[in-house]
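Novice: Here's a structure for you.
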Amino acid sequence: MKLRMMTSRACVNSHKKPVEANEGYLCYDCLDNLRWSLQKAPEALQHLREVYTLRRTADLEDETRPLKKDPPAPFNLDAFQLAEDIWIALTGDYIPTGTNHRQMYTMAYNKCQDKHAGLQAVVNKKEVIYLLPIIKLTRQALYKYPLEEKARATLLPCPECDQKTIYTPPQAFEDDLEIKCHACGFTIPPEKMEFYASLAEMERQR
Ligand SMILES: [Zn+2]
Ligand SMILES: [Zn+2]
């Protein structure tokens, strides 16, 4: 027993009490959670990329699935930071500039697959601690920005009466997203969205 105590090591992830590591430097729970987040991270990253900026990159033609657009104004710094943190945990690098949501997914998918395939080797290295933040970050991302979006208030004021506007995500693939004023009922026409967003952005900067 004593010998076993001395040879066993504790899971390197933070636990309330030390937990014995079962695989390399991780306990079974953390290993499961790591597997889970490697599966979920690509979708979470793609979604964050969609959320943190509306600006579409030049790939409108071969749209196979709808872009779940977020209210245009303003740039979502929190979502951006989350995406950046997940990517850093995965790669040790920043997200390359100009990455669109689809490239984001593909890049993340490949990274996660690699990690997943080599998980045995990964957990046997102490460096696994640098990867572990993706568990918490992926959970946070999916909690704060669920893939199934709900209607919510936007930061874009109503162009008619300056009250709060409510964003309703598209229900079906071809549907437009809708941004509607909760006070006067004014609906921002989809084609005017960018225009009002940039107006609001200019207002803020004044
Ligand atoms: Zn653990
Ligand atoms: Zn209004």
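The values are calculated or read from the model by the stated rules, or taken from the named source; none is laboratory data. These numbers come from a predicted model, not from an experiment. Reconstructed Cβ throughout: ideal geometry from the backbone, glycine too, with neighbour counts over all protein chains shown.
Novice: Taking region 78-104, which residues are surrounded by fewer than 18 Cβ atoms within 10 Å (Cβ to Cβ), touching a residue at least 24 places away in the same chain (Cβ under 8 Å) and among the aromatic types (Phe, Trp, Tyr)?
Specialist: Phe80
Novice: Restricting attention to region 109-127, does a residue exist that is more than 29 Å from Ile179 (Cβ to Cβ) and either touching a Ser or Thr at 6+ places or on another chain (Cβ under 9 Å) or not assigned by TED's automatic domain parsing to the domain that holds Pro42 (or both)?
Specialist: The answer is yes, given that some residue of region 109-127 is more than 29 Å from Ile179 (Cβ to Cβ) and either touching a Ser or Thr at 6+ places or on another chain (Cβ under 9 Å) or not assigned by TED's automatic domain parsing to the domain that holds Pro42 (or both).
Novice: A further question follows. Would you confirm, using the coordinates I've provided, whether His116 is within 24 Å of Cys27 (Cβ to Cβ) and touching a residue at least 40 places away in the same chain (Cβ under 8 Å)?
Specialist: Taking the combined requirement at face value, the residue satisfies it.
Novice: Restricting to region 89-105, give me the number of residues that are part of a helix (DSSP H, G or I) and in contact with a helix residue (DSSP H, G or I) (Cβ under 8 Å, 6 or more places away or on another chain).
Specialist: Qualifying residue count for the region: 7.
Novice: Return the pairs, sorted by first residue and then second, in which the second residue is more than 6 Å from ligand 1 (Cβ to nearest atom) and polar (S, T, N, Q), the first residue lies in region 11-24 and is over 13 Å from Asn124 (Cα atoms), the beta carbons are less than 7 Å apart, and the residues are 6+ apart or on different chains.
Specialist: Glu20/Ser8
Novice: I'd like to verify a number: residues in region 117-133 that are polar (S, T, N, Q) and modelled with pLDDT of 95 or more, how many?
Specialist: 1
Novice: Follow-up. Any residue in region 16-25 that is within 26 Å of Glu148 (Cα to Cα) and either away from ligand 2 (no atom under 16 Å from the Cβ) or at pLDDT 95 or above (or both)? Walk me through how you get there before you give the answer.
Specialist: Quick first cut of region 16-25, residues within 26 Å of Glu148 (Cα to Cα) only: none.
No: region 16-25 contains no residue that is within 26 Å of Glu148 (Cα to Cα) and either away from ligand 2 (no atom under 16 Å from the Cβ) or at pLDDT 95 or above (or both).
Novice: Go over the candidates Leu34, Leu48 one by one and state the one that is at pLDDT 95 or above and assigned to a helix (DSSP H, G or I).
Specialist: After applying the criteria, what remains is Leu34.
Novice: OK, next. From the residues in region 123-168 that are among the hydroxyl-bearing types (Ser, Thr, Tyr) and assigned to a helix (DSSP H, G or I), which one is surrounded by the most Cβ atoms within 10 Å (Cβ to Cβ)? Let's see the steps before the verdict.
Specialist: We begin by selecting, within region 123-168, every residue among the hydroxyl-bearing types (Ser, Thr, Tyr); these are 130, 138, 143, 145, 154, 165, 167-168.
So of that shortlist, the ones also assigned to a helix (DSSP H, G or I) come out as 130, 138, 143.
Values: Tyr130: 13, Thr138: 25, Tyr143: 8.
My answer is Thr138.
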